[in-house]
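Everything on this sheet refers to the single structure shown next.
The values are calculated or read from the model by the stated rules, or taken from the named source; none is laboratory data. Since this is a predicted model, take the numbers as computed values, not measurements. FYI the Cβ positions are ideal-geometry reconstructions off the backbone, even for glycines, and counts take in every protein chain you see.
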Number of protein chains: 2
Amino acid sequence: MCRDLVEKLVQKNDSRILMAVIDGLGDISIEELGGRTPLEAAKTPEMDRLAAGGALGLHIPIARGITPGSGPAHLGLFGYDPVRYQVGRGVLAALGVGFKLQHGDLAARINFCTLDDSGIVTDRRAGRISTEKCVELVGLLTDVKIDGVETFVIPVKQHRACVVFRGNGLTDDIMDTDPGLVGHRPVPVTGSGKSRTVIREFQEKAGEILADLNPANFLLLRGFALHKEFPSIEERFGLCSAAVALYPMYRGVAGLVGMDIMKCSPEDITGQEKAVKRALDSGHDFVFLHHKPADSAGEDGNVQAKISAIEEFDRALPAFLDLDFDVVCITGDHSTPCPMKLHSWHPVPVLIHGGPQRSGYSSAFSEKQACTGALGSFRSTDILTLLLASAGKLAKFGA
Amino acid sequence: MCRDLVEKLVQKNDSRILMAVIDGLGDISIEELGGRTPLEAAKTPEMDRLAAGGALGLHIPIARGITPGSGPAHLGLFGYDPVRYQVGRGVLAALGVGFKLQHGDLAARINFCTLDDSGIVTDRRAGRISTEKCVELVGLLTDVKIDGVETFVIPVKQHRACVVFRGNGLTDDIMDTDPGLVGHRPVPVTGSGKSRTVIREFQEKAGEILADLNPANFLLLRGFALHKEFPSIEERFGLCSAAVALYPMYRGVAGLVGMDIMKCSPEDITGQEKAVKRALDSGHDFVFLHHKPADSAGEDGNVQAKISAIEEFDRALPAFLDLDFDVVCITGDHSTPCPMKLHSWHPVPVLIHGGPQRSGYSSAFSEKQACTGALGSFRSTDILTLLLASAGKLAKFGA
């Protein structure tokens, strides 16, 4: 309800907003850092300066205690309630490899697996075949043709691939065929109507092609999901938006909400600078900039690498700020604490600089200072409202 | 849902609550004040003493990032969710000039305007005629009689007036007749049934009366709204409430929730002191006291005037406190930052003194101290619940 309220109050103007996402930014107290977090230990003079002149807060990606995946975490940042706008795993997998889904496409994840002679699954990952092998197998599967749908098989990594069926009347009421445990047969394809027929035929034909190709002599399907188009960020919030992200997953989620996906060349932060400039030059007033390395370091449990990733972003920041944004937001999509090597539920620091703010509450960008920042703590979906307000893009509610 | 919960838990007692609203209280960091806000810069020994002995927090009038009008902002303070209880602009205009609306009345705003010979709007404000002229024109329009309804035309200011139709079966599905731009004809009256007939006839008859009175030779209507009675603050929260406000707008909103509107003579803060005393003497246990000047100063961007307005309130405060309230709340309805000269979305400091509180967290009443106060931050509608609780007027939920 409140989100619809925001949509009704949107008023356009020329102000330009940068939303920079340091993936997995948040962390917890780390002993080797004397109880500090990587963000607290990192030398970040640029972000500290913005913190002092702007306002800090903490965002809660989904709800207190809930750990988000990357998809829902980003949707929240873009102002889409991740509980209302759910994206199925098959769809996320396809988006994650940069596949251009269309409304009504049915997507699922594939695991190549090993069956014994009696059809029992003996390895759900086919001995973790190489990505090269995966690409080769996917090549063979392009021969699978099914009446009434187009079929796309896309390699992902090692034993992982995904499949997309395109045609009218598909539904996603299909259970996983992956039994989840070795020692069982693949689960027979359930569901109804066209989807069941299509998937049975796909599984049968793929099975024939793979039959002699040990260890990957079959495939398991899971996470069936129909792609539904979302109302775009332009329709909802009047923003002409662009995404500057190097990883397909984040380009995919940005594409879901209708952002223009900027090409980056070279594929590093200097390429991202050029892409942000091009985004502004071509009339965009909202740029989503995604920086991945802090999350990867967190997943690896590598404290020093996470600190370095944050410092690298801070050094690159002035070039982005020189592009003359009116409002700049720096945050993470979620926390990826190094001691956990996983995404977590911990609230994520948010920095907003530009527009009318209560400033002078903070001297540095950190989890601890964000906790007593002028913005308070709030759900991630409130960030976009605050940015629109700071940029003068929201009218008053009532007289 | 939570509000209905509060209503169910209400228990009456003799405790008396003062809710003092310093209009537009909140502000942002101001350079000429060394980054402080007017509230932080003002000398407010009385409020600081209450802050030290009570508890501070921040309220969010509507939702994060949403800037409220005065109507919805006050409804929130009175415990009425402003998104659920929406008040149309026509109704607010009528309330704003102190007109006593009845349930089912249809109200709209009037702009006197100028038409050229071919009926095209050449000035939507009729050259901003004087208020005296407006009163004179409204006087002429009292001759307009329409079958089946009573018609009331009330002057507001310059080219602005409002009209109220009273009768059975009126609806507010009427579009503005104001084209919003010069160079167009007034928009023909749309809508259905009785309302359309009534408004067409009113426009026609008014047009005949005004035809030769250049520059105000016609009128435009907008913000059609039906007045719906709200459940009263007494029905909902068991409070016998009184409003002590000098401006019609705030008396109007208080009237909407069923407060008794106290007369103030003289029309200044000394008159308000007497009115509050009379309210208590006549058995009220909840008094809403409205202080306007800080908001006006904020709208003017006049930092020193805002400081003075806050200091004036602080000097007046002991006289109110001497009246022996059990619980005192001092807050604003919204922020009106001087650098913006507008209402804003920034959270508003709240002070509660009296009743069992966690105190000693704060040494002064300020935005910054409110940010780390014992009450935390919350939606404006929670304030009334906290006051009821502090005054012992809420029973336990569950056993």
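Only one of (1) modelled with pLDDT of 95 or more; (2) more than 14 Å from chain B (Cβ to nearest Cβ); (3) assigned to a loop (DSSP other than H, G, I, E, B) fails for A:ASP324. Which number is that?
Evaluating A:ASP324 over (1) modelled with pLDDT of 95 or more; (2) more than 14 Å from chain B (Cβ to nearest Cβ); (3) assigned to a loop (DSSP other than H, G, I, E, B) leaves (1) as the failure.
Among the listed residues B:VAL91, B:VAL97, which satisfies the condition of being surrounded by fewer than 19 Cβ atoms within 10 Å (Cβ to Cβ) and within 14 Å of chain A (Cβ to nearest Cβ)?
Within the list B:VAL91, B:VAL97, the selection yields B:VAL97.
When region A:276-296 is examined, which residues are found to be part of a helix (DSSP H, G or I) and either surrounded by fewer than 23 Cβ atoms within 10 Å (Cβ to Cβ) or among the acidic types (Asp, Glu) (or both)?
If the condition is that a residue be part of a helix (DSSP H, G or I) and either surrounded by fewer than 23 Cβ atoms within 10 Å (Cβ to Cβ) or among the acidic types (Asp, Glu) (or both), then A:LYS277, A:ARG278, A:LEU280, A:ASP281, A:PRO293, A:ASP295, A:SER296 are the ones that fit.
Considering only residues that are out of contact with any strand residue (DSSP E or B) (no Cβ under 7 Å at 6 or more places or on another chain) and more than 26 Å from A:GLU234 (Cβ to Cβ), which ones fall in region A:79-126?
A:ASP117, A:SER118, A:GLY119, A:ILE120
Counting only residues that are facing another protein chain (nearest Cβ under 10 Å) and out of contact with any Phe, Trp or Tyr (no Cβ under 8 Å at 6 or more places or on another chain), which one in region B:62-80 is modelled with the lowest pLDDT?
Ranking the qualifying residues of region B:62-80, first place goes to B:GLY71.
Just to verify a result, which residue in region B:337-385, among those that are hydrophobic (A, V, I, L, M, F, W, C), more than 21 Å from the chain's Cα centre (by Cα) and assigned to a helix (DSSP H, G or I), is nearest to A:LEU375 (Cα to Cα)?
The residue in question is B:CYS371.
Please determine whether any residue of region B:347-356 is of a type outside the set (Val, Ile, Thr) and surrounded by fewer than 17 Cβ atoms within 10 Å (Cβ to Cβ).
yes
If only one of A:THR372, A:THR336, A:THR331, A:THR381 is β-branched (Val, Ile, Thr), within 11 Å of chain B (Cβ to nearest Cβ) and surrounded by 23 or more Cβ atoms within 10 Å (Cβ to Cβ), which one is it?
Of A:THR372, A:THR336, A:THR331, A:THR381, the one residue that is β-branched (Val, Ile, Thr), within 11 Å of chain B (Cβ to nearest Cβ) and surrounded by 23 or more Cβ atoms within 10 Å (Cβ to Cβ) is A:THR381.
Which of the following residues is buried (at least 16 other Cβ atoms within 10 Å of the Cβ), touching a Gly at 6+ places or on another chain (Cβ under 6 Å), of a type outside the set (S, T, N, Q) and in contact (Cβ under 8 Å) with a residue 24 or more places away in the chain: B:ILE30, B:ILE17, B:ILE22?
So the residue among B:ILE30, B:ILE17, B:ILE22 that is buried (at least 16 other Cβ atoms within 10 Å of the Cβ), touching a Gly at 6+ places or on another chain (Cβ under 6 Å), of a type outside the set (S, T, N, Q) and in contact (Cβ under 8 Å) with a residue 24 or more places away in the chain is B:ILE22.
When the residues of region A:58-82 are narrowed to those that are of a type in the set (A, V, I, L, M) and surrounded by fewer than 18 Cβ atoms within 10 Å (Cβ to Cβ), which ends up nearest to A:LEU386 (Cα to Cα)?
So the residue we want is A:ALA63.
Out of B:VAL182, B:VAL163, report the one residue that is assigned to a loop (DSSP other than H, G, I, E, B) and of a type outside the set (Asp, Glu).
B:VAL182
Being within 29 Å of the chain's Cα centre (by Cα), closer than 20 Å to B:VAL91 by Cβ and polar (S, T, N, Q) narrows it down to one of B:THR171, B:THR131, so name that one.
Being within 29 Å of the chain's Cα centre (by Cα), closer than 20 Å to B:VAL91 by Cβ and polar (S, T, N, Q) holds for just one of B:THR171, B:THR131, which is B:THR171.
So in region A:58-107, with the set limited to residues that are under 24 Å from B:GLY65 (Cα atoms) and among the basic types (Lys, Arg), which one is nearest to the chain's Cα centre (by Cα)?
A:ARG84
Count, please, the residues in region B:198-233 that happen to be at pLDDT below 95, within 19 Å of the chain's Cα centre (by Cα), farther than 15 Å from B:VAL164 by Cα and crowded, with 16+ Cβ neighbours inside 10 Å.
Of the residues in that region, 1 qualify.
Taking the criterion of being within 14 Å of chain A (Cβ to nearest Cβ), touching a residue at least 24 places away in the same chain (Cβ under 8 Å) and assigned to a loop (DSSP other than H, G, I, E, B), would at least one residue in region B:299-319 satisfy it?
So far as region B:299-319 goes, yes, one or more of its residues are within 14 Å of chain A (Cβ to nearest Cβ), touching a residue at least 24 places away in the same chain (Cβ under 8 Å) and assigned to a loop (DSSP other than H, G, I, E, B).
Does any residue of region B:44-57 turn out to be within 14 Å of chain A (Cβ to nearest Cβ) and either surrounded by fewer than 23 Cβ atoms within 10 Å (Cβ to Cβ) or modelled with pLDDT of 95 or more (or both)?
The answer is yes, given that some residue of region B:44-57 is within 14 Å of chain A (Cβ to nearest Cβ) and either surrounded by fewer than 23 Cβ atoms within 10 Å (Cβ to Cβ) or modelled with pLDDT of 95 or more (or both).
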